[in-house]
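Contents: one structure, followed by commentary.
The values are calculated or read from the model by the stated rules, or taken from the named source; none is laboratory data. For clarity, every value in this text was computed on a predicted model and none was experimentally measured. Please note: Cβ atoms are built from the backbone with ideal geometry, for glycine as well, and neighbour counts cover all protein chains shown. To get the accessible areas, we keep the full protein, side chains included, count just its heavy atoms, and leave off ligands, DNA and RNA. Shrake-Rupley method; radii C 1.70, N 1.55, O 1.52, S 1.80 Å.
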Amino acid sequence: MTSRRLVLSQSAALLGAASTGLLLPEVAQAQPGKVRVGLMLPYTGTFAQLGVAIENGFRMAIDEQGGKLGGREIEYFKVDDESDPSKGVENANKLVQRDKVDVLVGTVHSGVQMGIQKVARDTGVLSLIPNAGVHAATRSLCAPNVFRTSFTNSQPTRALGKAMVDKGHKKAVWITWKYAAGDEAFEGFKESYTAAGGTIIKELGLPFPQVEFQALLTEIASLKPDAVACFFAGGGAAKFIRDYAAAGLKGKIPLYGSGFLTEGVLDAAGAAAEGIITTMHYSDSLDTPRNKAFRLAYAKTFRMQPDVYAMQGYDTGLLLAQGAAAVKGDLSSKVALYKALESATIDSPRGKWTMSKAHNPVQDIYLRVVENKENKVLGVAAKALADSGAGCKMS
Ligand code: PHB
C-alpha cells in the first residue's frame, strides 16, 4: 500500500514538473536498502581453503572502502557449493531467486561455474567469477553481465611449455584431474610445449577429486620423461606433491605445473614442494609496494599468508567497488555499470590489469619457483597475455 501510494505521488509530481516545463535530469539514484551480495563458493571438500581465501580477500577489499558499495551498506548471503557441478544451477538459484542478490560472486570449480553461467544468462544477474577458469564463460557463452577477475584455464599453462624446453626438458608427461579445468589447462600446455619443440609422450588423468595417485606415479617412473607437468589444486595438490616425493620421483624427474599446484599448500606440502617451477598470474614475492601492502594487511587481518585465491577475491572486491562507485550504488543502472566494469583498470597486487572484450583479465604471467615455503618470482613468462575469447558475441 505504502509503496503504491509513493509511486502514485511520485508520478503526480513528475506530471506536475512536465506540465510546468521543468525537465528533471536523469541521474543515478542510490537505491534504498543494502546491496545484497551472494557468495557461492566451496567451503567443504578439496577446494574448501580456496573458497575461504576468496571470501577473505573480497571482504578485505570492501572493508578498505569503508565496508560499503557506492555508499550503500552490504548484506552477505552465502552458499557452500561443495565443488559439486550437479548442484550448480540449484545453488545459484538459491542466491538469485530466493535471496534476490544484486550480485553473485562465485566460484572456484569450472563445472559448478557452468551452472552459475546458465543462471546468470537466464536471469541477467551480475556475475563476478573470482576463480573458475572454464573457457566457455568468456568465450562461446560470454555475456554482458558476466565478468571474470581470475584467468582462463589455458592462460597460465600457455606460458609453461617454453619455460620447460628452455631448461632442456624435451619429453614430458602431463597429468591432471579429468574435468574442464585440467583438460583446458592441457590445451595451453600442449600449444606452448609443442611450439617450443617439446614432445608430450603421455597424458595421464584421474577423476576429480580423487587423490589415489600411486599407480599413475609408478607409470611415470617407468616412462622416464625429462619432466612432468600437471594441473592440481587445493588439498589434492598438496597430496600430489607429497606423493610425488614419497614415490622417489623428486630430484629425478623435475615437476612443473600450472601455478595452482603450489598455491595455499606450501605448509601442508613442506619440503616436498621446494624447487617446483610453475607459471601463474601472481607470485608471493612480487616486489611492489602494492603487493607488499596487500600481503601485510591480509596477514594482519586473517593471521595467515595470502595466496592467488585471496588476491583474486580481493580484486573481485576492487572491481565491484569501482563499478558501484561509478553508478553511485545504483546497481540497476546496468548500461553504466557494465561500462564501468569493462573499462576498469584494477590496481592489483598481481600488477595492473584490464578487462578483455570478452570480460577476462589481460595480465602478465610469472615464472616462479618454490623457495623457503614461498612462490618466488623468477621473471615474466608472458607479458599482457589475453585469452582468445573465441566465439564470444556479447548480446
Ligand atoms: C577450476 O575448476 O576452474 C579451477 C579450480 C581450482 C583452481 C583453478 C581452476 O585452482
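Computed values, structure above
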| read-out | value |
| --- | --- |
| Residue list for the stretch 136-156, given a label point 7 angstrom along the Cα-to-Cβ vector of Arg121 and an amide N cut-off under 19 Å | 136-149, 152-153 |
| Gln214/Arg98 FRET efficiency (R0 30 Å; Cβ-Cβ; nearest 0.05) | 0.10 |
| Close Lys-Lys pairs in the stretch 155-280, where close means Cα under 13 Å and separation is 8 or more or interchain | 13 |
| Segment Ala325-Lys178, length gained on full extension (0.36 nm per residue, minus Cα span) | 48.8 nm |
| Rounded to the nearest 20 debye, dipole of the chain from Cβ charges on Lys, Arg, Asp, Glu | 460 debye |
| Sequence-distant residues sharing a close amide H with Asp364 (under 5 Å, placed H) | Ala384, Leu385 |
| Cα-based equivalent ellipsoid of the chain: semi-axis lengths in Å, sorted from largest, via gyration tensor | 43, 20, 19 |
| FRET efficiency, 1/(1 + (r/R0)^6) with R0 25 Å, evaluated for Ser140 and Val89 via beta carbons | 0.85 |
| Restricting the stretch 206-289 to GluC sites (Glu not before Pro) in coil, as DSSP defines it, with at most 13 other Cβ within 10 Å | Glu212 |
| For the stretch 275-286, 3J(HN,Hα) per residue [Karplus equation, 6.51 cos²θ - 1.76 cosθ + 1.60, θ = phi - 60°, Hz, x = Gly/Pro] | x, 5, 9, 9, 10, 6, 8, 7, 8, 3, 8, 3 |
| Computed label-point distance, nm, for sites Lys252 and Val380 using a 7 Å Cα→Cβ extension | 4.0 nm |
| Solvent-accessible surface ranking, highest first, for Thr218, Thr316, Thr354 at 1.4 angstrom | Thr218, Thr354, Thr316 |
| Nearest-10 value in Å² for the accessible area of Lys87, using the 1.4 Å probe | 60 Å² |
| Helix-only CD estimate at 222 nm, as mean residue ellipticity for the chain, using -39500 (n - 2.57) per DSSP H run (n ≥ 4) | -11500 deg cm²/dmol |
| At q = 0.13, 0.18, 0.21 Å⁻¹, base-10 log of I(q)/I(0) for the stretch 174-307 (Debye sum, equal scatterers on each alpha carbon) | -0.58, -1.02, -1.29 |
| Which of Leu378, Leu39 is most accessible, then next, and so on - probe 1.4 Å | Leu378, Leu39 |
| At least 15 Å along the helix axis (C-alpha) and Kyte average at least -1.0, DSSP helices within the chain | 2-19, 48-64, 110-123, 180-195, 234-246, 289-302, 308-326 |
| With DNA, RNA and ligands ignored, accessible area of Lys162 (1.4 Å probe; Å², nearest 10) | 110 Å² |
| Amide H within-cut-off set for His169, under 5 Å, with H built and near neighbours excluded | none |
| Rounded to 5, percent antiparallel among DSSP beta bridges of the chain | 35 percent |
| Normalised per residue, the volume of the convex hull around the Cα set of the stretch 247-395 (Å³) | 144 Å³ |
| Accessible surface of the chain, 1.4 Å probe, proportion on carbon and sulfur as whole % | 55 percent |
| Options Ser140, Gln117, Ala185, ranked by Cα towards positive dipole end of the stretch 89-191, top entry (Cβ charges) | Ala185 |
| No Cys partner within the rule (Cβ under 4.7 Å), the chain | Cys230 |
| From phi via Karplus (6.51, -1.76, 1.60), per-residue ³J(HN,Hα) for the stretch 356-361 in Hz, x at Gly/Pro | 6, 4, 8, 6, 10, x |
| Lysine pairs meeting the criterion (Cα under 22 Å, 8 or more apart or interchain), as found in the stretch 279-395 | 17 |
| P(r) of the stretch 327-395 over all Cα-Cα pairs, binned every 5 Å from zero, in whole percent | 3, 14, 17, 18, 16, 12, 8, 6, 4, 1 |
